[in-house]
Amino acid sequence: MATYKKRGYKPKTKVEKQQDIEEGSTTAEVFNTLDEGASKTEAFVEKNQKYIFIIIGVVAAVVLGTMGYKEFISGPKQTAAMNDMFQAQKYFDQATTAVEKDSLYNLALNGGEGKYGMLDIISEYGGTDAANLASYYAGTAYLRLKDYKSAVEHLSNFKSDDLVLGPLAKGNIGDAFVQLDQPEDALGYYEEAAKMRDNEFTTPMYLYKAGSIALELGDADKALSYFEKIKADYSESTEGSNIDVFIGKARVLASK
């Protein structure tokens, strides 16, 4: 016999699964030298993730506010998706600044307190703006939980022309491919992220990552072009503060 599932609540068995989630977190690695190769990229993200996710939170709030305006056009399904997504977004936001991150990212993915997680939003409200944004949240949560294949899957499903979220999604896929030991794929996504939207935050960050991976792959000329672009166009960025060191190294390698 079918039972009515109250909107925003999930079957008891799924809620009970949250009791089995292991709490834990990883500490940020410290970036020392470019010679650390692919692991350097992950260290950079960890080191700056608080700043990155503050920006994500602001942008996400704007996106959700826009969706609230569109509810008069999109109808009840969109409104329900927004309401049901609230708790999962809260867990995600808490995870970005918490010490014990893993359990909160798992709650953001799978839900808690009888509420939907991002995976439920994607499943229940496919085709809505909320489900699209949930794909971003889910992919980023999987990246932080080191489930890199799932991160690529969900981030690839996210579509956005947003100035920050669009490039971050592509760049996060690049980060996942670095950890999967697929530097060629990572380079392609970093290049795409750098070109996607021109701004003082994501553009120099992904030019730098692209240059670093290009050096690792033995393409010093390409790396040099990316580092020099940072110096010329984004000298005030975080990456621009010590870019001369990397330009010098790329020039040495390019001349060999």
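The values are calculated or read from the model by the stated rules, or taken from the named source; none is laboratory data. Computed from a predicted structure; not experimentally measured. Glycine gets a Cβ as well: all are built from the backbone with ideal geometry, and neighbour counts include every protein chain shown. Only protein heavy atoms, including side chains, enter the accessible area calculation; ligands, DNA and RNA are left aside. Shrake-Rupley method; radii C 1.70, N 1.55, O 1.52, S 1.80 Å.
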**OP:** Provide the per residue accessible area, probe 1.4 Å, for the stretch 151-238, rounded to a whole number of square angstrom.
**Re:** 41
Original post:
About its Cα centre, what dipole magnitude does the stretch 100-256 give when the only charges are +1 on Lys and Arg Cβ and -1 on Asp and Glu Cβ, stated in debye to the nearest 20?
Top reply: 320
**OP:** Please sort 201-207, 135-141 by packing, taking for each peptide the average over its residues of neighbouring beta carbons within 10 angstrom, highest first.
**Re:** 135-141, 201-207
Original post:
If you roll a 1.4 Å probe over the stretch 79-194 with all protein chains in place, what percent of the accessible area is carbon or sulfur?
Top reply: 45
Original post:
Tell me, what ³J(HN,Hα) does each residue in the stretch 170-184 have, in order and in whole Hz, if you take phi through Karplus 6.51 cos²θ - 1.76 cosθ + 1.60 with θ = phi - 60° and put x for Gly and Pro?
Top reply: 5, x, 5, 5, x, 4, 5, 5, 4, 5, 7, 6, 10, x, 5
